[in-house]
Amino acid sequence: MLNILNEMQKAFNGDAWHGNHSMQVLNNVLAENAFEHFIPGAHSIAEIALHLTSWTEEVTSRLMGAPSGEPIKGDWPIPEVKSAQAWERIIFDFKVANEELIRQCTEFSDSQWDSETLNEITPISGSAITKVELLNGLIQHHAYHAGQIALLSKFNNA
């Protein structure tokens with residue numbers, strides 16, 4: 001299943017078909033803009049980045065055999081500190097989480113990708129989610145939120 005790993009790598013920091021990969025989008029954000037709420041009621045870029053990291057860690061945990069659940073850090077963690085150093089740490093943690101996910105996935109044999117994850121059922125079909133489906137979902141999640149971040153980044157440049 002090198003193809004799914006290749007797609008994950010592209011979404012994280014490769015040549016993504018949809019545009020800039022997640023790391024590039026995050027690295028293009030100025031620290032002074034990362035914590036701004038440009039749209040009332042919407043998440044800040046930092047909150048989205050923390051959300052992405054949280055779910056990357058949760059997907060890694062599920063792929064390694066843990067039952068499904070909410071991420072340890074929560075679905076939408078709130079930044080504890082709002083500084084340039086805190087923004088750098090948020091980006092670093094996202095990078096580490098994705099590198100760890102990819103590292104863990106390289107250990108899977110082709111046959112393991114079709115195995116089911118624990119306690120996870122697709123809402124439409126009611127069938128269990130395989131490891132490849134779970135990772136594909138994270139790839140889509142990265143692309144979706146990278147687009148959000150890219151749009152929010154334009155608010156200060158307008």
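The values are calculated or read from the model by the stated rules, or taken from the named source; none is laboratory data. Just so it is clear, the model here is predicted, and its values are computed rather than measured. Cβ atoms come from the backbone with ideal geometry, glycine included; neighbour counts cover every protein chain shown.
Evaluate the stretch 55-74: report whether one residue or more is in contact (Cβ under 8 Å) with a residue 40 or more places away in the chain, farther than 24 Å from VAL132 by Cα and small (Gly, Ala, Ser).
no
Of all residues in the stretch 58-92, which are in contact with a strand residue (DSSP E or B) (Cβ under 9 Å, 6 or more places away or on another chain) and over 21 Å from ARG103 (Cβ atoms)?
Of everything in the stretch 58-92, those that are in contact with a strand residue (DSSP E or B) (Cβ under 9 Å, 6 or more places away or on another chain) and over 21 Å from ARG103 (Cβ atoms) turn out to be PRO67, SER68, GLY69.
Name the one entry in SER68, SER44, SER54, SER83 that is surrounded by fewer than 18 Cβ atoms within 10 Å (Cβ to Cβ), hydroxyl-bearing (Ser, Thr, Tyr) and modelled with pLDDT of 95 or more.
Sole residue among the options that is surrounded by fewer than 18 Cβ atoms within 10 Å (Cβ to Cβ), hydroxyl-bearing (Ser, Thr, Tyr) and modelled with pLDDT of 95 or more: SER83.
Does the stretch 95-113 contain any residue that is closer than 20 Å to ALA31 by Cα and touching a residue at least 24 places away in the same chain (Cβ under 8 Å)?
Looking for residues that are closer than 20 Å to ALA31 by Cα and touching a residue at least 24 places away in the same chain (Cβ under 8 Å), one finds at least one in the stretch 95-113, hence yes.
Working only within the stretch 25-41, note down all residues that are in contact (Cβ under 8 Å) with a residue 40 or more places away in the chain, surrounded by fewer than 17 Cβ atoms within 10 Å (Cβ to Cβ) and farther than 16 Å from PHE94 by Cβ.
LEU30, GLU32, GLU36, PHE38, ILE39
Any residue in the stretch 9-24 that is touching a Gly at 6+ places or on another chain (Cβ under 7 Å) and either hydrophobic (A, V, I, L, M, F, W, C) or under 16 Å from GLY147 (Cα atoms) (or both)?
Yes, the stretch 9-24 contains at least one residue that is touching a Gly at 6+ places or on another chain (Cβ under 7 Å) and either hydrophobic (A, V, I, L, M, F, W, C) or under 16 Å from GLY147 (Cα atoms) (or both).
Quick check, is ALA11 within 24 Å of LYS154 (Cβ to Cβ) and buried (at least 19 other Cβ atoms within 10 Å of the Cβ)?
Judged against the criteria, ALA11 is a match.
If you take the residues in the stretch 86-115 that are under 15 Å from the mean Cα position of the chain (by Cα) and of a type in the set (Val, Ile, Thr), which one is surrounded by the fewest Cβ atoms within 10 Å (Cβ to Cβ)?
Restricting to residues being under 15 Å from the mean Cα position of the chain (by Cα) and of a type in the set (Val, Ile, Thr), the top hit is VAL96.
Only residues that are in contact with a helix residue (DSSP H, G or I) (Cβ under 6 Å, 6 or more places away or on another chain) and either among the hydroxyl-bearing types (Ser, Thr, Tyr) or free of Cβ contacts under 8 Å to residues at least 60 places away in the same chain (or both): list them for the stretch 1-24, please.
Listed by number, the list holds a single entry, SER22.
Please pick out the residue among LEU118, LEU63 that is surrounded by 12 or more Cβ atoms within 10 Å (Cβ to Cβ), farther than 30 Å from VAL29 by Cα, touching a Lys or Arg at 6+ places or on another chain (Cβ under 6 Å) and hydrophobic (A, V, I, L, M, F, W, C).
The conditions single out LEU63.
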